[in-house]
Amino acid sequence: MISNTQKLHRDLERNSKFFEKFAKEHPHYYDHPLLDEAEGSAFIKELHDEYAKHPEHDDPLPNISLNIAEDQLADSELNVVFHRITTHMPAMMHYSEFFEIRYIQTGTAMFYTGDETLTLRSGNLILIPPKLHSCFEIKEKDSIVYNILLKASTIDSVFFNLFQHDEFLAAYFTRALYGSKTGYILWDYEPNPMIDRLITASEKEFWSERPYYQRKIEIYLLEIFVELLRTGKEKSIFPITPTLTSKDITFLLTKLLRDSSYTITLSDAATMCGYSSRQLERILKQQTGYSFSELKQQTRFRQAHSMLKNSELSVSDIAQKLGFKTSSAFVKAFRIHHQMTPAEWRKHHHPSAPQQ
C-alpha cells in the first residue's frame, strides 16, 4: 500500500512534468517575474482547467491556492515537510500558515515581499513566518532550492526552548507564534558544509519514512538552528525588529516560566523582552495583577502539585528539581502558600506515594 509521503513524492514529480509542459504552452505567465494575486488566481484557474481537459488523470493538486493551509498537507500528522522548488512555477505572491525555510543549495533565486526584493545565492537560508505575503523565483534552471514547511505548533513545542536564549529570536518567535506581524530572517552564508549536510540528510530521512523519521528530522533541524545561533550573528539580516507588546510579553513569560521557572530571573526576562526590570514588573502587574516573583512562585507550585500527585519522587527530590536551595526552603514556602506541608498535601492527593 502506497504511503502518504510516497504519494506526495509521486505527485510532486508528476506536477513538475506538468508545469514544464504548461510553461511552454502558456508563455504569457512567464513574461514577467512576479504575479500579483489576481494574476496568480488566473494562473491557478487555468491550471485546473488544463487538468480538467484530461479526466483520465487525477489532478494532483486539487486544493492548490494562493494561501497554503495546514489541512492541504498530504498527511496532516506530518510536522515537517521537505520538497524541492520546481523551476516551472511562476512567482506568485502568497502566504502560508507554516513557518517556511528556504535553503539555496546551488544557484540563485529572487525573494519578493510586498515592498522588497532580495537576491539569494548558494548557502543562503531564509526563514519566512506565517502570514507573510511573499513569493520565490528560481533564476537558474539547475538551481537546487529546498522548501521546508514547519507547523507553528512544532516551532513552539520543539524549538522554542532553544530560541529563548537569544533576545532577538525570543521576541521574533513570540510575535510570529501569537499572530503579530513580523518579517523574514535571512542568514547570508557562503555555502556551509555542515548546514548543507544536515539539509541533505533531512530530505533523505523525510522520503525514507523509517520509524521516527519525523523526530530524526527535528533533531537535524535543531542542529541547523544551533549552527545558526553559534555562527550566524554577523550573518543575519533582520528587516523588522520585533518589539514585544504587553500581550506578547505575557505569552512569552508564561511559557518561559512553565519551561524553566527555577532558572530564569527578572533581569533575564527583562533583557529577553527588551525592557528594564522595572518596566517589565509594571507591564506584568497591568496584564496579570501579579509581580514576576509571584508568577514564578505560582508556576513552581503548579509543577510541585503535578510531581507530588503524579510521581513517586521524594519531597527532597522535588525541591531540587524546582530549584530550591534546600528541601526545608521548599517546605517553608509551600506551607506559607498552602497552610500545609508538601507531605500533607501529597497524603491527601496521592496517599500511596512516599511521604519523606
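So the values come out like this:
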{"read-out": "Counted residues, region 307-326 - those being out of contact with any Leu (no Cβ under 9 Å at 6 or more places or on another chain) and open to solvent by 60 Å² or more (accessible area, probe 1.4 Å)", "value": "8"}
{"read-out": "Hits in region 68-99 - residues which are of a type in the set (Ser, Thr, Tyr) and modelled with pLDDT under 70", "value": "76, 86, 87"}
{"read-out": "In region 101-139, the residues that are among the small types (Gly, Ala, Ser), open to solvent by less than 20 Å² (accessible area, probe 1.4 Å), touching a residue at least 40 places away in the same chain (Cβ under 8 Å) and under 22 Å from residue 203 (Cα atoms)", "value": "123"}
{"read-out": "Which listed residue, of 127, 162, 149, is over 22 Å from residue 94 (Cα atoms), under 13 Å from the mean Cα position of the chain (by Cα) and either acidic (Asp, Glu) or outside any loop (DSSP other than H, G, I, E, B) (or both)", "value": "162"}
{"read-out": "Residue under evaluation residue 228, criteria (1) at pLDDT 70 or above; (2) closer than 17 Å to residue 164 by Cα; (3) in contact with a helix residue (DSSP H, G or I) (Cβ under 7 Å, 6 or more places away or on another chain); (4) among the hydrophobic types (A, V, I, L, M, F, W, C), criterion not met", "value": "(3)"}
{"read-out": "Candidates 132, 78, filtered to the one that is in a loop (DSSP other than H, G, I, E, B) and under 25 Å from residue 42 (Cβ atoms)", "value": "132"}
{"read-out": "Lone unmet requirement of (1) over 26 Å from residue 112 (Cα atoms); (2) modelled with pLDDT of 85 or more for residue 166", "value": "(2)"}
{"read-out": "Number of positions in region 306-353 that are in a loop (DSSP other than H, G, I, E, B) and under 23 Å from residue 294 (Cβ atoms)", "value": "8"}
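The values are calculated or read from the model by the stated rules, or taken from the named source; none is laboratory data. Please read these numbers as outputs of a predicted model, since none were measured by experiment. Virtual Cβ from ideal backbone geometry, glycine too; neighbours counted across all protein chains shown. The area values use the complete protein model at the heavy-atom level, side chains included, leaving out ligands, DNA and RNA. Shrake-Rupley method; radii C 1.70, N 1.55, O 1.52, S 1.80 Å.
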